[in-house]
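Here is the structure we will look at.
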């Protein structure tokens, strides 16, 4: 004799009761932010950090940004030659490197196209401000974000990608 | 459901839609009600003008365009990587799936093929975004019909899928991960094992939804026999995806066409349902989530080793030509028609979005139904406003 | 409280003020408890989350915070609305709630009026809320509100009948309409000769209890019968244009009515303030009676809210079909069977 089918109404009650008991005994799926904080994954796109020594003001990130939210100003200066008696080297110095996070789409194109590895993603996300103007992060703040950049993760087996190093 | 032959009535409705004014007078021969654009039931800013006789709909007309963002104009001045970022936001729930047809069309123009590992990972992420999208639908249809609990379960279990997408791409909602010639980066260590665990959660969620919603007699009384779309009418309106498969049409681009992903090498099933009513659409999507879990599992267990990016130049200039690629996205069939003149930016991109055609059936479908059934039907058609209006 | 003997003789005005305070507490305390326990906490636990946790320990003062929030909102009356009717509607709904609490006994001597037609009075005044809802929907001058109010009127009138008929079985078995008499009948009754736990009517009137619960759910316009307030269609139906304090009155009224109907169900089917094993005329019950009743209210309300959070809603015509074609015949069968068994045994 086939099993009598439990009507769906009763099964539905069973699902909610089971969930309630699970929440009461094992805790809920939510966390009480800000008392408890969940850490996002290392690759999470929280904020962009700038490693100033690597930046040569090539303006690639400014051009490729879909929102045009990066502002760079720099000047050229002559650095002393590597060997005595050589030519003085022309180098770029950054005057201003601002990213406007009120416009930023968090797409990551700037980090990707930078040829000199000067921009890095960090999972830091708690930088909201009461005033929109404070969302324009300048060079110093972007340099401070470098402390929160995690190391690149290892890749899965079978991958041929090479793990990069974060310059500190 | 008889066709309204009263031309005067249709003209009246059209006139009101053109006016875009809300009509508040109470006339006894029919009340004009605005459902939307600000309404809890429509998934965004869709406005449907219905003419009611008591609680029965005489005529209905959807007014779209409240969320038009001008995608096809925006992409005319943006390079291909920038366009990839933007198109994430068309169907924002299953966002990786939006990038895929665009990238495939551009790859076809450049005559570049992504390496096998990239194709397999693309398929896995494509199906993961389908899971994320349809899991929300399963809960959301419950809440449209009054059951407030399933949608919380949907959001809870969707978080796990989004965490997995974030672990690979860095973005939960807008991955921006597909590139012409492959993917941006490879999988982090431990991702495959974690994702297989998440798939088990999703399967448990599907069982819960079956008990809580699909098996519920009240839900079945609200959805069986409501909003029946015959297969020929659905096809003539251009419906696609689970909507048309619920009317019995056995058509799935993943199996029937060479999309560029690896679905044809895997072992999975296309689900159809003969009824064509709201319950059939819910049931087909429920089975599709389970099937997507199977596909992801097979993808992850069979990923070949190798590079994830083919050799493409740094600055991408797509050669002149035209290409059209359509894929079986979570909402239906989505296609991109790219016209390129050999520059950094595309000359013209036409986006064929699934929800636009799915919603176009509402004037035919909503005649003669009750007002609560309007909500049930709209919920079962499952459109996303970003997809309708682009 | 005319038969309650106190140590000191109180003046009339003191007695009246005590009664007024107790009346307010009797209405608002169940409402607040139900809102907190079930709406905030139980619903959250069923949805894998914790609910309000910030206001007070474990969020217990959230309702106070909500009251404060509603009090400071702007008093909006729609321009085309009928002002007098619009403003009077919440009070009409609240009046029916307060009148209901008059006849529910909290102990052998703790009842506001001990009339011989107690349950009849309760069922009669519970219909007043229908007028309040219709006033709210009509006076709002909005199509959504009107649709909601008309649906509500049809639904509430339809479900009055199963409510009354389910109670008839209890009345036949108890032999009296008096609420205290019904409690006594359960306290002193016997089940097939076994008098240990009395005879709570839920055992013999299980069908009546089920019908009563379904009808109460519909009377409160809770899911699965919440077509009038169908949030995803009508944006809260007849309540759409109400905001601030007026909305709070409807809200508290809904939960107070839920509490009081649960108290009615507890009194009629579960034995009210009586705990089996003790002497029902003991003065102890004047102290612990209300607490026992509150415990049973929470039990019944748990069932009502469990159904609320689990099921989708019925369509209006399915709702009416359920009432007229299913519940009323079932309750008539229940009455016939009860009558026959009462005469035979």
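Things worth noting here:
- Residues in region B:151-174 that are over 14 Å from residue B:198 (Cβ atoms) and under 20 Å from the mean Cα position of the chain (by Cα): B:151, B:154, B:155, B:171, B:173, B:174.
- Meets criteria (within 13 Å of another protein chain (Cβ to nearest Cβ), part of a helix (DSSP H, G or I) and crowded, with 24+ Cβ neighbours inside 10 Å) for residue B:157: yes
- The residue of region C:306-332 that is farthest from residue B:372 (Cα to Cα), among those that are away from chain B (no Cβ under 12 Å) and without any contact (Cβ under 8 Å) to a residue 12 or more places away in the chain, is C:329.
- Among the residues listed as B:107, B:159, the single one being modelled with pLDDT of 90 or more and under 17 Å from residue B:202 (Cα atoms): B:159
- Test: residue B:200 is modelled with pLDDT of 90 or more and either away from chain C (no Cβ under 14 Å) or not in a helix (DSSP H, G or I) (or both): yes
- Filter pass, residue C:345 being out of contact with any strand residue (DSSP E or B) (no Cβ under 9 Å at 6 or more places or on another chain), away from every other protein chain (no Cβ under 14 Å) and buried (at least 22 other Cβ atoms within 10 Å of the Cβ): no
Residue by residue, here is whether (1) free of Cβ contacts under 8 Å to residues at least 24 places away in the same chain; (2) closer than 29 Å to residue B:251 by Cα; (3) crowded, with 20+ Cβ neighbours inside 10 Å holds:
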position: B:179; (1), (2), (3): no, yes, yes
position: B:182; (1), (2), (3): no, yes, yes
position: B:187; (1), (2), (3): no, no, yes
position: B:196; (1), (2), (3): no, yes, no
position: B:203; (1), (2), (3): no, yes, no
position: B:224; (1), (2), (3): no, yes, no
position: B:229; (1), (2), (3): no, yes, yes
position: B:232; (1), (2), (3): yes, yes, no
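- Extreme residue, farthest from the chain's Cα centre (by Cα), among residues of region C:46-60 that are surrounded by fewer than 19 Cβ atoms within 10 Å (Cβ to Cβ) and assigned to a helix (DSSP H, G or I): C:57
- Within region B:135-153, if we keep just the residues that are more than 9 Å from chain C (Cβ to nearest Cβ) and surrounded by fewer than 24 Cβ atoms within 10 Å (Cβ to Cβ), the residue that is farthest from residue B:174 (Cα to Cα) turns out to be B:140.
- Under the condition of being buried (at least 24 other Cβ atoms within 10 Å of the Cβ), within 12 Å of another protein chain (Cβ to nearest Cβ) and either modelled with pLDDT of 75 or more or at negative phi (or both), the residues counted in region C:227-252 number 6.
- Condition broken by residue C:74, with the remaining ones in (1) within 27 Å of the chain's Cα centre (by Cα); (2) more than 14 Å from chain B (Cβ to nearest Cβ); (3) over 30 Å from residue C:183 (Cβ atoms) satisfied: (1)
- From C:110, C:99, C:63, C:150, residue being at pLDDT 85 or above and touching a helix residue (DSSP H, G or I) at 6+ places or on another chain (Cβ under 9 Å): C:99
- Restricted to region B:221-233, and to residues there that are part of a helix (DSSP H, G or I) and in contact with a helix residue (DSSP H, G or I) (Cβ under 6 Å, 6 or more places away or on another chain), the residue that is farthest from the other protein chains (Cβ to nearest Cβ) is B:223.
- Test for residue A:21: is it modelled with pLDDT under 85 and either within 9 Å of chain B (Cβ to nearest Cβ) or farther than 30 Å from residue A:107 by Cβ (or both): no
- Residue check for residue B:283: at pLDDT 90 or above, surrounded by fewer than 24 Cβ atoms within 10 Å (Cβ to Cβ), on the phi < 0 side of the Ramachandran plot and under 19 Å from the mean Cα position of the chain (by Cα): yes
Yes/no matrix, rows are residues, columns are (1) touching a residue at least 60 places away in the same chain (Cβ under 8 Å); (2) touching a helix residue (DSSP H, G or I) at 6+ places or on another chain (Cβ under 7 Å); (3) within 14 Å of chain B (Cβ to nearest Cβ); (4) part of a helix (DSSP H, G or I):
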site: A:83; (1), (2), (3), (4): no, no, no, no
site: A:94; (1), (2), (3), (4): no, yes, no, no
site: A:105; (1), (2), (3), (4): no, yes, yes, no
site: A:142; (1), (2), (3), (4): yes, no, no, yes
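- Failed item, numbered, when residue B:236 is tested on (1) at pLDDT 90 or above; (2) more than 14 Å from chain C (Cβ to nearest Cβ); (3) over 30 Å from residue B:107 (Cβ atoms); (4) in contact with a helix residue (DSSP H, G or I) (Cβ under 9 Å, 6 or more places away or on another chain): (4)
- Test: residue C:84 is away from every other protein chain (no Cβ under 14 Å), buried (at least 18 other Cβ atoms within 10 Å of the Cβ) and modelled with pLDDT of 85 or more: no
- Scanning region A:146-162 for residues that are at the interface with another protein chain (Cβ under 10 Å from one of its Cβ atoms) and within 17 Å of residue A:41 (Cα to Cα) returns A:152, A:153, A:154, A:155, A:156.
- Of all the residues in region B:333-390, those that are touching a residue at least 40 places away in the same chain (Cβ under 8 Å) and over 14 Å from the mean Cα position of the chain (by Cα) number 29.
- Considering C:147, C:63, the condition of being touching a residue at least 40 places away in the same chain (Cβ under 8 Å) and either in a helix (DSSP H, G or I) or under 25 Å from the mean Cα position of the chain (by Cα) (or both) is satisfied by C:147 alone.
- Of B:121, B:192, all but one fail to be crowded, with 24+ Cβ neighbours inside 10 Å, assigned to a helix (DSSP H, G or I) and in contact (Cβ under 8 Å) with a residue 40 or more places away in the chain; the exception is B:121.
- Which numbered condition residue A:12 fails, given (1) within 13 Å of chain B (Cβ to nearest Cβ); (2) more than 30 Å from residue B:81 (Cα to Cα); (3) part of a loop (DSSP other than H, G, I, E, B): (3)
- Filtered residue count, region A:18-67, keeping only those that are surrounded by 14 or more Cβ atoms within 10 Å (Cβ to Cβ), free of Cβ contacts under 8 Å to residues at least 60 places away in the same chain and assigned to a helix (DSSP H, G or I): 8
The values are calculated or read from the model by the stated rules, or taken from the named source; none is laboratory data. Values in this document were obtained by computation on a predicted structure and should not be read as measured data. Every residue, glycine as well, gets a Cβ built from its backbone with ideal geometry; the counts of neighbours run over all protein chains shown.
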